[in-house]
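One structure below.
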Amino acid sequence: MRSCVAPDSAATWLGAALRILPTTEELARRRFALLRDLGAALHASGDLVGAQAALAEAVALPRARVPAVARLDAVVACATIDWLLGEGPTARSRLRRELDLLAADEVEARVALLAALAGGAAFEGGTEGAPFGREAVALAAGMGRPDLAFRAAAACALAEYGASEVVAAAAACDEAERLSADVDDARPEGLVLALFHLGQAQMSLGRYAVTARTLERGLALARASGNGTVRALMEFPHVIALGYVGRLAEAEAAAEALYERSAAYGGSALQSSVASTLSWRLLVRGDRERALTLALEAVEAASRTALRASRPYALLFLAEAQLERGQVDEARESVLSTGAPEIDGVPLAARARFYELLARIDVARGDVQGALDWADLAEASVAGEALPQRRPQALCARAVALLAAGDAAGAAAAAGAARELARSCDAAVEAAQAGVLLGTAQAGTGDRSAACATLEQVRVEATALGARLLADRAARELRRLGVRAPRPAEPTQGALLSEREREVVALVAAGRTNREIGRALYLSEKTVENHLSRIFRKAGVRSRAALAAAAVSLGAPPPEA
């Protein structure tokens, strides 16, 4: 199905066509096409459960009557939605069943299904995907098909990382990156999923700048092809990558837009993940209240999905928000409830962030030895040459603990190394975080001049990034050193709203009803209601009349003449 701008209307008409189409075996091919398009339309409108049902019905039609390539794409799309809904066992069963139906000479389809199983297991937070990835790589190696070799290597890289086989993951990622330049974008279906697998692997390995480029390529292909399922998957790591490299305004806008869509999914893994990520972005900007609200929402959504990786990360971001609000004991309880130091669904190399946060929490509690112990775990989790980009978090954990222990020189060395390493891999936010630690440690050594220079540089960097929280920390440390430092400006009300929310405000100001707004913006009434609920909270108003009166200050576009 080509991309459409009115998915609700498309779904209505496709449903009507299916109701009048006879359910004969001779018409299975036509029925399959309608069900596939209905699944795409329902997904685009936010109805994941409906999309899952339509695609499941499509792939249940007689195999002999359905085009093999289209059927394969539908099976993988349906399994992908299963994973988005947190139904990993269903996804695995669906793909394995399809594998069992393949003939011996259907090697291309086998590679595609093995790659989907490998990447999906890692996305789910499981460790069992690596054998599927390795088998896919082995099968693709002798086929002379760079596109299949790329799909296999990308999925294998992600699966190896999920199994904590970091050296193998890095090698597979290197191979996938090499192959990706030679792959033609003409057939986007399988390529889009492969680019998601590669981008997720790159991000997991800390290759943030190249992650953003990989996922932007995949998003462009997904939009052009109307592949809403993989597009939704790809937008989430893209938001994270944008945040890491310091494109924070873009990250927040993308996260807001994805959050608006994911809210309609009802307890999905994606809803929890997006709410967590948006919470972090708002926290970095300095909006502690909304960050905490979204983090709590993420934890609640995670409780409704079986996806193992959702809950630990939701609790991590909740703890970040709680710590920033001074809720130290609550923050510690949140992180420890992930099962730390062993965290189910989180690969070993990704746990450094959890340990770094626990080190900060224990310092806030006055438990210096506890902080040193967490720093040890953080460094052990990223040991080895395959993960230099992951080491800044562990080094920051060490710096925090040493500073609390009175070893300012040691803390400065660790923080300085973290800052340089973060800069080398374009992790701008991590570089600023390490910079605040470095400046504080330099002040502790008595080197006031170096401390002031570092903290002022970080303050300027963080302000330019839109990272108000970090700019404020740097300014606070400067003031402790007797240097006048301006407080970062509060964001305007208009900056609090996404582009879509400002469009809704403009239509409210024009006197439109929710139904009329939905028709104008191709949204369901429920989605409009969700928009308005968030807009009221952000703008601090309680009625449509008050919202209309505040439209200009909120940045809403003027009504058309």
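The values are calculated or read from the model by the stated rules, or taken from the named source; none is laboratory data. None of these values were measured; they are calculated from a predicted model. Glycine also receives a Cβ, built like all others from the backbone with ideal geometry; neighbour counts cover every protein chain displayed. In case anyone asks, the SASA skips ligands and DNA or RNA and just uses the protein heavy atoms, side chains included. Shrake-Rupley method; radii C 1.70, N 1.55, O 1.52, S 1.80 Å.
Of the residues in region 526-540, none is among the small types (G, A, S) and modelled with pLDDT of 90 or more.
Note on region 78-102: residues that are among the aliphatic types (A, V, I, L, M) and modelled with pLDDT of 90 or more total 6. Of all residues in region 123-135, those being free of Cβ contacts under 8 Å to residues at least 40 places away in the same chain and open to solvent by less than 20 Å² (accessible area, probe 1.4 Å) number 3.
Filtering region 506-548 to residues that are open to solvent by 50 Å² or more (accessible area, probe 1.4 Å), in contact with an Asp or Glu (Cβ under 8 Å, 6 or more places away or on another chain) and not in a loop (DSSP other than H, G, I, E, B) leaves only R515.
Residues in region 411-452 that are open to solvent by less than 50 Å² (accessible area, probe 1.4 Å) and part of a loop (DSSP other than H, G, I, E, B) were compared, and the one that is farthest from L465 (Cα to Cα) is C425. Counting only helices (runs of 4 or more DSSP H) wholly contained in region 152-233, the ones carrying 3 or more residues that are open to solvent by less than 30 Å² (accessible area, probe 1.4 Å) and modelled with pLDDT of 95 or more occupy 166-180. If you filter region 85-111 down to residues that are out of contact with any helix residue (DSSP H, G or I) (no Cβ under 7 Å at 6 or more places or on another chain) and small (G, A, S), you find that the one that is farthest from V137 (Cα to Cα) is S93. Note on region 108-122: among residues that are in contact (Cβ under 8 Å) with a residue 40 or more places away in the chain and in contact with a Phe, Trp or Tyr (Cβ under 6 Å, 6 or more places away or on another chain), the one that is surrounded by the most Cβ atoms within 10 Å (Cβ to Cβ) is A118. Of G15, G88, G50, all but one fail to be touching an Asp or Glu at 6+ places or on another chain (Cβ under 8 Å) and surrounded by fewer than 24 Cβ atoms within 10 Å (Cβ to Cβ); the exception is G88.
Looking across E98, E57, one residue alone is open to solvent by less than 40 Å² (accessible area, probe 1.4 Å), part of a helix (DSSP H, G or I) and over 20 Å from L270 (Cβ atoms). It is E98. A count restricted to region 324-359 and to residues that are within 21 Å of F123 (Cα to Cα) and among the basic types (K, R) stands at 2. Within region 402-426, residues that are within 21 Å of G366 (Cβ to Cβ) sit with their Cβ atoms under 6 Å from residues that are surrounded by fewer than 22 Cβ atoms within 10 Å (Cβ to Cβ), at 6+ positions apart or across chains, in these pairs: L402/G410; A404/V363; A404/V368; A405/V368; A408/G444; A408/T445.
In the condition set (1) open to solvent by less than 60 Å² (accessible area, probe 1.4 Å); (2) at pLDDT 75 or above, G494 is compliant with all but (2). For L403, the conditions (1) open to solvent by 30 Å² or more (accessible area, probe 1.4 Å); (2) touching a Gly at 6+ places or on another chain (Cβ under 8 Å); (3) more than 14 Å from A434 (Cβ to Cβ) are fulfilled apart from (3). With respect to the conditions (1) in a helix (DSSP H, G or I); (2) open to solvent by less than 20 Å² (accessible area, probe 1.4 Å), Y313 falls short on a single one, namely (2).
Select from region 18-47 the residues that are not in a helix (DSSP H, G or I) and not polar (S, T, N, Q) and write down the one among them that is surrounded by the fewest Cβ atoms within 10 Å (Cβ to Cβ). Going through the qualifying residues, I end up with P22.
Conditions (1) open to solvent by less than 40 Å² (accessible area, probe 1.4 Å); (2) assigned to a helix (DSSP H, G or I); (3) under 28 Å from E501 (Cα atoms); (4) of a type outside the set (V, I, T), marked per residue:
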{"position": "S273", "(1), (2), (3), (4)": "yes, yes, yes, yes"}
{"position": "L278", "(1), (2), (3), (4)": "yes, yes, yes, yes"}
{"position": "R281", "(1), (2), (3), (4)": "yes, yes, yes, yes"}
{"position": "T338", "(1), (2), (3), (4)": "yes, no, no, no"}
{"position": "P341", "(1), (2), (3), (4)": "no, no, no, yes"}
{"position": "E356", "(1), (2), (3), (4)": "yes, yes, no, yes"}
